[in-house]
Amino acid sequence: MAEERFEPKIVAFLCNWCSYRAADLAGTARIKYQPNVRMIRVMCSGRVDPTFVLKALALGADGVMIAGCHPGECHYLEQNYKAMRRFSMLKHSLRALGLEEDRVRLQWASAAEGVQLAEAINEMVDQVRALGPLNWPGNWSEDGEVEAAIERLAEEHAEAMEVPA
Amino acid sequence: MTEKVGVYICHCGSNIAGVVDVEEVAKWAGENLEGVAVSREYKFMCSSLGQELIEDDIKNEGLTRVVVAACSPHLHERTFRRACANAGLNPYLCHMASIREQVSWVVEDNEVATEKAKAMIAGAVNRVQLHEELEPSLVPVNPNTLVVGGGIAGIQASLELADAGYPVYLVEREPSIGGHMAQFDKTFPTLDCAACILTPKMSDVGAHPNINLLSYSEVEEVSGYVGNFSVRIKKKAKYVDEELCTGCGICIEKCPKKVIDDVFEAGMGYRKSIYRPFPQAVPNIPVIDTVSCTYFETGKCKACEIFCPTEAIDFEQQDSYLDIDVGNIILATGYDLFDCKTIPQYGYGRLANVFTSLEFERMCNASGPTEGKIVLRDGVTEPESVAIIHCVGSRDENYNRYCSAICCMSSLKFGHLVVEKTDAEVFSCYIDMRTNQKGYEEFYERLLEEGMNFVRGKVAEVTDAFRLPGEEGKLIVQVEDTLLGIQRRIPVDMVILMAALEPRADAREVGLQFGIACSMEGWFTERHPKLDPVATMTDGIFIAGAAQGPKDIPAVVAQGAAAAARVQGMITKGTVEIEPVVATITEEMCSGCRICNTLCPFNAIEYLEDKEVSYINTALCKGCGTCVAACPAQAISGAHYSNEQIFAEIEGLLYDVISGNGAKAPQVEQEPVPA
């Protein structure tokens with residue numbers, strides 16, 4: 001038998017209005033996709049605090065997906081744009097920590113896009129599988145160094161985090 | 001933690017149990033997850049027996065938290081919250097894990113599915129223990145309703161509400177209500193005259209004591225929330241005093257300036273600079289179009305003022321604003337017509353005798369520019385042959401992919417009118433005939449018998465470049481007849497383009513203004529495509545008519561009435577529950593940095609100058625949580641989606657990984673199961 005295939009664990013944050021409904025639709029339509037994604041419902045992709053992503057990675061997830069309504073279709077009008085801004089900042093920080101690009105993904109999926117969401121999940125699972133396990137140090141609270149590093153990063157990029165009026 | 005959690009795993013018949021080993025999961029949860037006091041599986045948790053199971057356990061076992069692993073929370077969260085409430089447990093202490101939509105229906109391997117279900121239940125159990133009791137707040141519902149758009153959908157909705165005794169503000173952008181329907185001649189499939197059935201309803205609106213008709217007006221600002229909206233309406237200057245004007249029409253008669261009427265007559269006819277769109281207009285008060293008016297251009301003329309018997313003309317009139325309070329809003333803003341010039345090969349705008357469907361409607365209308373005569377652009381020649389081209393701008397991936405729903409039937413109606421009024425031969429070039437409502441198929445058969453020719457094929461081109469005998473001076477419709485399998489060149493005198501229905505050009509802006517979403521195309525999005533077709537994701541805002549998607553008059557009227565019924569339900573109840581899932585700021589932790597202030601699109605966050613902290617008006621907060629994620633001091637907490645709750649859920653979801661990689665595990669014990 002071949003070597004056991006690496007099965008990555010991916011945590012996905014889905015907005016209540018579009019993406020979680022896309023997942024519902026994928027289910028209703030019996031669209032099969034890889035089982036490696038575990039989903040968390042949030043009201044809006046704008047709710048996703050970058051620390052959620054860090055926490056998931058730190059606890060052993062190999063990748064994190066954030067899914068929200070398409071730009072212009074946000075249930076809360078424009079909060080997915082804020083998720084988008086935050087995401088690019090987060091990617092920047094993660095790059096500095098040596099994390100591969102493909103391990104975090106921002107995905108737009110409308111309530112009608114069950115197929116698209118399933119495809120995106122499959123694609124991401126394959127990409128993360130190819131990258132292999134993340135093996136981040138598991139215990140954040142006992143490793144002050146890492147937390148401090150993240151705080152330093154936030155300070156360095158304080159300007160980018162400012163929200164224009 | 002000292003919570004007693006009850007875990008309930010639903011079989012959903014075989015929907016879940018056929019893939020997930022529910023007995024194993026229930027046993028595992030009961031034995032391994034910290035806090036779980038009761039763990040059961042049952043055939044249908046949503047059944048009354050299933051709900052009783054939960055209720056009994058809450059009462060007898062003293063459960064303080066409930067996790068139901070079943071379908072999506074969008075389906076049955078309310079059911080299980082209610083069951084908890086019945087047993088005296090705060091409904092927000094219940095959480096669902098979607099092991100049907102996210103596990104059994106999408107995972108092929110049973111063993112893997114069972115493992116995924118365990119992870120999701122672990123997440124839910126972890127999270128639910130940090131849930132807090134929440135109470136929805138009750139707010140009164142203002143009995144006034146704002147209806148935006150005075151087409152047949154808005155008219156129907158307004159009349160339903162007004163007849164039931166509730167005050168309505170009906171806002172219409174144009175000088176008269178009536179919408180597109182007022183422009184039509186006949187209506188399919190019964191061939192009632194559109195004006196004959198519409199104008200009585202219009203006069204009812206105009207005369208109704210409960211309807212405040214605001215024509216030539218637009219919504220400027222909307223604020224507030226369900227039951228309590230504040231709306232600012234801009235009443236554009238009509239330059240005619242509504243109180244003094246009697247609608248006699250002398251001003252229109254005397255006005256020396258004639259311009260092409262692009263709106264009501266679709267460019268086919270003329271109107272004066274002071275005008276009402278059509279004789280039966282409601283309200284019957286003319287407006288002055290300042291762009292073309294000689295007085296506004298040169299400062300001279302004033303013919304209307306001179307001849308007005310009641311001195312109603314007021315050149316000094318300004319736009320005015322009206323502030324109203326309403327409890328609910330119905331948006332019935334209708335549709336725009338596809339611009340046929342976008343498809344150059346059909347020749348509209350270049351070849352004189354290519355008409356749009358709306359132009360042809362006006363032509364057929366007895367009060368229209370040709371007094372109902374079907375003639376070519378020269379105004380006198382009757383056509384000997386007419387081609388009707390379907391799906392112009394619809395069912396075409398270059399323009400709009402959707403079907404415009406009404407064009408097949410309108411084209412049959414046009415065919416009938418041509419046959420009735422002229423001796424012309426009619427060709428209908430269609431992709432598919434769609435006649436799927438009451439009486440529609442019979443109408444199609446009637447036209448087949450009346451001798452209309454049907455050519456199945458999408459027209460490639462309309463041209464005046466003749467090359468065969470009999471083509472000179474004609475418009476040649478080049479089409480592949482897919483039933484005969486041949487290319488055809490059909491020479492005709494007149495071509496009618498069945499233009500697609502499109503979302504209003506400003507639909508997205510209007511959507512933003514009222515806080516509702518649009519589809520990719522720009523149609524307003526309903527709360528549920530099947531089960532909640534007139535409500536929207538924003539409570540208190542309803543939609544009706546073609547603004548939601550292409551549809552014919554019976555469907556539009558049904559939606560108008562449905563939206564009104566929903567609003568009446570809200571008003572009759574008198575109060576509405578506001579979801580307690582909102583954000584709050586802990587004053588002591590707020591540094592007053594004001595980062596959150598600009599993030600809220602609902603203006604729920606204000607800065608308290610005296611205390612130098614920000615404050616969230618929970619009545620305006622919709623609970624998206626963007627400010628919670630943004631607060632650098634973590635002074636904002638989001639009810640039901642707090643950081644702690646989400647962290648706990650992540651820990652639970654990754655319980656199996658955590659135990660394997662040495663990370664600090666959540667309180668999950670992985671001891672071997674005793675025999």
Worksheet, complete the sentence: Sole miss for residue B:521 among (1) in contact with an Asp or Glu (Cβ under 9 Å, 6 or more places away or on another chain); (2) over 22 Å from residue B:623 (Cα atoms); (3) within 13 Å of chain A (Cβ to nearest Cβ); (4) free of Cβ contacts under 8 Å to residues at least 40 places away in the same chain is condition (4)
Practice prompt. Could you list all residues from segment B:195-214 that are touching a residue at least 24 places away in the same chain (Cβ under 8 Å) and part of a helix (DSSP H, G or I)?
Written response: B:195, B:198, B:199, B:201, B:202, B:203, B:204, B:205, B:206
Worksheet item: Among the residues of segment A:59-82 satisfying the criterion of being more than 7 Å from every other protein chain (Cβ to nearest Cβ) and of a type in the set (A, V, I, L, M, F, W, C), which is farthest from residue A:113 (Cα to Cα)?
Response: A:64
Response to the item:
For segment B:454-489, the count of residues that are more than 23 Å from residue B:434 (Cα to Cα) and of a type in the set (Phe, Trp, Tyr) equals 1
Worksheet item: Do we have any residue at all in segment B:457-468 that's out of contact with any helix residue (DSSP H, G or I) (no Cβ under 6 Å at 6 or more places or on another chain), away from every other protein chain (no Cβ under 14 Å), within 27 Å of residue B:232 (Cα to Cα) and charged (D, E, K, R)?
Response: no
Worksheet entry | residue A:63 under 12 Å from the mean Cα position of the chain (by Cα) and over 21 Å from residue B:630 (Cβ atoms) | yes
Worksheet item: Looking only at segment A:17-40, which residues are more than 7 Å from chain B (Cβ to nearest Cβ) and either closer than 18 Å to residue B:625 by Cβ or modelled with pLDDT of 95 or more (or both)?
Response: A:18, A:19, A:20, A:34, A:36, A:37
Fill in: In segment A:114-142, residue surrounded by the fewest Cβ atoms within 10 Å (Cβ to Cβ) [restricted to those that are over 21 Å from residue A:100 (Cβ atoms) and at pLDDT below 80]
A:141
Worksheet item: Looking at segment B:545-568, is at least one residue within 14 Å of another protein chain (Cβ to nearest Cβ) and either surrounded by fewer than 18 Cβ atoms within 10 Å (Cβ to Cβ) or hydroxyl-bearing (Ser, Thr, Tyr) (or both)?
Response: no
Practice prompt. Kindly indicate whether any position in segment B:37-52 is touching a helix residue (DSSP H, G or I) at 6+ places or on another chain (Cβ under 8 Å), of a type in the set (Asp, Glu) and either in contact (Cβ under 8 Å) with a residue 40 or more places away in the chain or closer than 19 Å to residue B:105 by Cβ (or both).
Written response: yes
Item to complete: From B:136, B:143, grab the single residue that is surrounded by fewer than 24 Cβ atoms within 10 Å (Cβ to Cβ), more than 14 Å from chain A (Cβ to nearest Cβ) and touching a Phe, Trp or Tyr at 6+ places or on another chain (Cβ under 7 Å).
Response: B:143
Worksheet item: Within segment B:542-562, can one find any residue that is acidic (Asp, Glu), in the same structural domain as residue B:190 (by TED's automatic domain parsing) and in contact with a helix residue (DSSP H, G or I) (Cβ under 9 Å, 6 or more places away or on another chain)?
Response: yes
Item to complete: Determine whether segment B:151-169 contains at least one residue that is at positive phi and surrounded by fewer than 22 Cβ atoms within 10 Å (Cβ to Cβ).
Response: yes
Fill in: Criterion (in a helix (DSSP H, G or I) and not aromatic (Phe, Trp, Tyr)) met by exactly one of A:67, A:118
A:118
Fill in: Identity of the residue in segment B:18-62, β-branched (Val, Ile, Thr) and either in a loop (DSSP other than H, G, I, E, B) or under 39 Å from the mean Cα position of the chain (by Cα) (or both), that ends up nearest to residue A:30 (Cα to Cα)
B:19
Practice prompt. Evaluate the following for residue B:456: is it basic (Lys, Arg), within 21 Å of residue B:345 (Cα to Cα) and at pLDDT below 95?
Written response: no
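Residues are listed down the side, and each one gets a yes or a no for (1) away from chain A (no Cβ under 11 Å); (2) surrounded by fewer than 23 Cβ atoms within 10 Å (Cβ to Cβ):
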| residue | (1), (2) |
| --- | --- |
| B:64 | yes, yes |
| B:68 | yes, no |
| B:80 | yes, no |
| B:108 | no, yes |
| B:112 | no, yes |
| B:125 | yes, no |
Worksheet item: For segment B:581-602, which residues satisfy the criterion of being among the β-branched types (Val, Ile, Thr), within 9 Å of chain A (Cβ to nearest Cβ) and out of contact with any helix residue (DSSP H, G or I) (no Cβ under 9 Å at 6 or more places or on another chain)?
Response: B:598
Practice prompt. With a cut-off of at least 1 residues that are surrounded by 15 or more Cβ atoms within 10 Å (Cβ to Cβ) and in contact with a His (Cβ under 7 Å, 6 or more places away or on another chain), name the strands (runs of 3 or more DSSP E) lying wholly within segment B:424-532.
Written response: B:425-430, B:494-499
Practice prompt. Looking for whichever is outside any loop (DSSP other than H, G, I, E, B) and facing chain B (nearest Cβ under 8 Å) here; the options are A:105, A:86. Which one fits?
Written response: A:86
Worksheet item: strands (runs of 3 or more DSSP E) wholly in segment B:79-178 with at least 1 residues that are in contact with a Cys (Cβ under 8 Å, 6 or more places away or on another chain) and not assigned by TED's automatic domain parsing to the domain that holds residue B:226 - which ones?
Response: B:94-98
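Okay, residues lined up against (1) of a type in the set (Phe, Trp, Tyr); (2) under 11 Å from the mean Cα position of the chain (by Cα):
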site: A:6; (1), (2): yes, no
site: A:9; (1), (2): no, no
site: A:18; (1), (2): no, no
site: A:45; (1), (2): no, yes
site: A:59; (1), (2): no, no
site: A:69; (1), (2): no, no
site: A:76; (1), (2): yes, no
site: A:88; (1), (2): no, no
Worksheet item: For segment A:45-100, how many residues are under 30 Å from residue B:508 (Cα atoms), basic (Lys, Arg) and surrounded by fewer than 24 Cβ atoms within 10 Å (Cβ to Cβ)?
Response: 2
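The values are calculated or read from the model by the stated rules, or taken from the named source; none is laboratory data. Note that the structure is predicted; figures quoted are calculated from it, not measured. Neighbour counts run over all protein chains shown; Cβ positions are idealised from the backbone, glycine included.
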